[in-house]
1. Among A:Thr75, A:Val130, A:Ala145, which residue has its Cα furthest toward the positive end of the charge dipole of chain A, with +1 on Lys/Arg Cβ and -1 on Asp/Glu Cβ?
2. Rounding to the nearest 20 debye, state how big the charge dipole of the stretch A:113-185 is about its Cα centre with +1 on each Lys and Arg Cβ and -1 on each Asp and Glu Cβ.
3. Given H placed on each backbone N at 1.01 Å, which residues far from B:Gln314 in sequence or on other chains put an amide H within less than 5 Å of it?
4. Would you mind pulling out the separation of the Cα centroids of the stretch B:218-232 and the stretch A:43-122, in Å?
5. If you take every residue apart from B:Glu277 with its C-beta less than 10 Å away from the C-beta of B:Glu277, what net charge results, scoring Lys and Arg +1 and Asp and Glu -1?
6. Amide H neighbours of A:Arg273 under 5 Å, counting only residues 5+ apart in sequence or on other chains, H built in-plane at 1.01 Å?
7. From the backbone phi of the stretch B:197-203, what are the Karplus-calculated ³J(HN,Hα) couplings (6.51 cos²θ - 1.76 cosθ + 1.60, θ = phi - 60°) in whole Hz, Gly and Pro given as x?
8. Could you compute Rg(Cα) / (2.2 N^0.38 Å) for the protein assembly as shown, with N its residue count?
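Just so you know, all these numbers are worked out from the coordinates, no wet-lab data involved. As the structure is a prediction and not an experimental result, all values here were calculated from the model. Here the Cβ positions follow ideal geometry from the backbone for every residue, glycine too, while neighbour counts run over all protein chains shown.
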Amino acid sequence: MPVSGTAKSQDLASADALLTLKDLTLRFKGQTNDVVHSVSLRVRQGEVLCVVGESGCGKSVTSMAIMGLLPGKATQISSGKLSFLAQDWDLATDCLPTEVRGREIAMIFQEPMTSLNPSFRIGDQIAEAVQRRRGNSRTEALERAEVMLQRVGIANPKQRLRAYPHQLSGGMRQRVMIAMALANDPQILIADEPTTALDVTIQAQILDLIRDLRDETGMGTLMITHDLGVVAEVADTVAVMYGGQVVEQGPVAEIFNNPQHPYTIGLMSAMPRLDRPGERLAIVPGTVPTISNMPEGCRFRTRCAFATAACAQRPKLRDVASEHEVACHFAPLETHVKVSA
Amino acid sequence: MTAPVILEADEVVKHFGAGSGWLSHKSPVQAVDGVSLQIRRGETFAIVGESGCGKSTLARLLMRLLEPTAGRVSFDGVDVSHASGGALKALRGQMQFIFQDPFSSLNPRMSVGKLVGEPLEVHAPELSAEERREKVAELLRKVGLRPEHAGRYPHEFSGGQRQRIGIARALAAGPKLIIGDEPVSALDVSVQAQVINLLGDLSRDLGLTLVIIAHDLGVIRHMSDRVAVMYLGRIVEMGTAEEVFATPLHPYTQALLSAIPSMDVPSKHQALAVLGEMPSPSDPPSGCRFHTRCPYTRAQCKQESPKLEGQLHQVSCHFWQDIAAARKPTTLRPKTDAVEARFALYKAATTGGTVIHQNQEPPERN
Ligand SMILES: Nc1ncnc2c1ncn2[C@@H]1O[C@H](COP(=O)(O)OP(=O)(O)OP(=O)(O)O)[C@@H](O)[C@H]1O
Ligand SMILES: Nc1ncnc2c1ncn2[C@@H]1O[C@H](COP(=O)(O)OP(=O)(O)OP(=O)(O)O)[C@@H](O)[C@H]1O
Ligand code: SF4
Ligand code: SF4
Ligand SMILES: [Mg+2]
Ligand SMILES: [Mg+2]
């Protein structure tokens, strides 16, 4: 019996929500199918939401749509309501005004090199961002820049302020981007794979920094990653995406200790485990279909070992525990199926 | 552990950018600086360490894609450090490389059949065209692709499939040893698992020796029999994966392991601080190269370079005994039975089990 949760979907707009996205559906012009279909997300104050899923499942496109950064001519947003700072925007017709985006939301992009100007010293770039938003003096702004470089684990921050982007390693440039994004205490941080290119030791430092800011300033974070280890470390809530849809979402403890969607279970059991070395890993069979080949109904059904004809009907997200939603007809599996060898 | 040594490095050194004589102002990059190791036939040997510590350079030295500045590399007991011509070509057949990036490492204009058949032309010229086609089909099947894929081109395949093509190509030369430089790090978890399983099967079924470079410690623990931990061009700890992960002796290894994101939720994670970042390999610190970041540094560390000591489990640190004595063991929390049961159900269903539904139709829900 699925446990009926206390949270209803209206709670998505509950009082302490900083940012909510409702029912985002979009496609790229010329395509016959939605790349993002009916995605709803919520980030509350002081909370880290991690969006996970395989390459191409629509994580970056979703975050770009929130930021209003998708190419307008090539994108067709058919629905999507964004609520932020007690205001609503209909993404089908509107997007976040630039000043809100710049001041209150910081974004760290997946491709760091594109967002630093190669011809200015990094100290000047960070200081400029600080001055623009906070109106500090130049000296104060440079001090702030130095503090931030230190906090992202860059040694000799004072000297490094004078470096140009090309004089830094890729990992260091990524950390500069993070320092710049966080220098202004944004209300929301949207971070697209912020630590994927970094060594574990540096990654641990960055995750610490994000947690600290969350605790100090109540910053909300929407973090995109495909690393479940990172999710376990920083997430308060998790949304698992597959083929442009959210297939499971809930509090991090629920997702890890009570994963219900076959795709979530597949992802988790495919991770090498320190306590089970050498054991043959479970896999998610096959590969993600292209958008134009996505099946009707449950988009996971071409790879799902538990699919029946009924899965040609799209399963809706439904509550299975408090604030924990799953889109699968047969979740939890053990009450609906048996497997014999 | 009694298998014969297949590949051996003896005090191997590689410095880049040296050699332009007394006019050169730049100090050379000491990418690999005195590495000795022995890899045994049939084992999976892993090399870990931070970006820039010299892993890829070491791999290229072992493969003889680079010539060492000093020291010796031997394959099957023969010094190959300065091999050239026919000897080098023969060596290439024995040792093959798998690259990190399945997207850029395959020539986009060559069909899969050609990509996999090319090494056969070089290393098995005696085969007729027909025999070669047969062999290509067999190799494709071995890596989980289909013979009819031979006519297609790399762009028609997913990342995981492309990595399989790369593996088939490596196998075509009939190597005894394969070195993979981050062979799965560009892949998604789900696909990564398929390639890890494949590499495991191949090493077991074909008795291949594998050398794996990876930065994902979970992947390393899963795949390898022995591990070498590198820091700034040197090996600081080496031993069986079991020992190194359970009782890391070097402060750097301890820090690396503590930085692995735990899969426990709620996370009780406490990463050991490694202060600052790795110094430049063209100006490495005196004495113990880790002393600028080590939480246990003492005066001796700045002057004397510690040697790699020990038998099966080796460590290079003056004070490893004191440090090990003070260290608390880490314990992994088991997953809940409910989660394990679901994982087991999933695994059974995806490995050929028959799924029986109570009802084909989902229950009515409102
Ligand atoms: N401008 C565009 N025009 C057409 N298709 C696009 C465009 N941008 C993205 N796509 C497609 O939309 C889908 C979702 O892409 P997205 O970048 O959101 O994936 P992702 O989940 O961020 O993947 P990754 O983990 O690789 O970053 C992909 O199939 C991608 O090829
Ligand atoms: N051909 C070269 N010429 C000059 N310096 C080089 C060359 N190849 C590598 N290096 C330098 O040698 C050092 C070790 O590089 P290497 O690529 O072996 O590191 P790595 O451990 O493989 O790092 P990563 O994890 O980033 O791949 C680095 O400082 C690198 O910049
Ligand atoms: S709805 Fe059907 S196809 Fe989709 S995940 Fe559930 S069982 Fe699998
Ligand atoms: S030798 Fe000294 S500096 Fe080096 S790891 Fe040991 S304690 Fe640390
Ligand atoms: Mg992306
Ligand atoms: Mg490398």
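1. The listed residue farthest towards the positive side: A:Thr75.
2. 80
3. When sequence neighbours closer than 5 places are left aside, the close amide H contacts are B:Met238, B:Gly239.
4. First find each Cα centre; the distance between them is then 38 Å.
5. 0
6. Distant-sequence amide H within range of A:Arg273: zero hits.
7. 4, 4, 4, x, 4, 5, 5
8. 1.00
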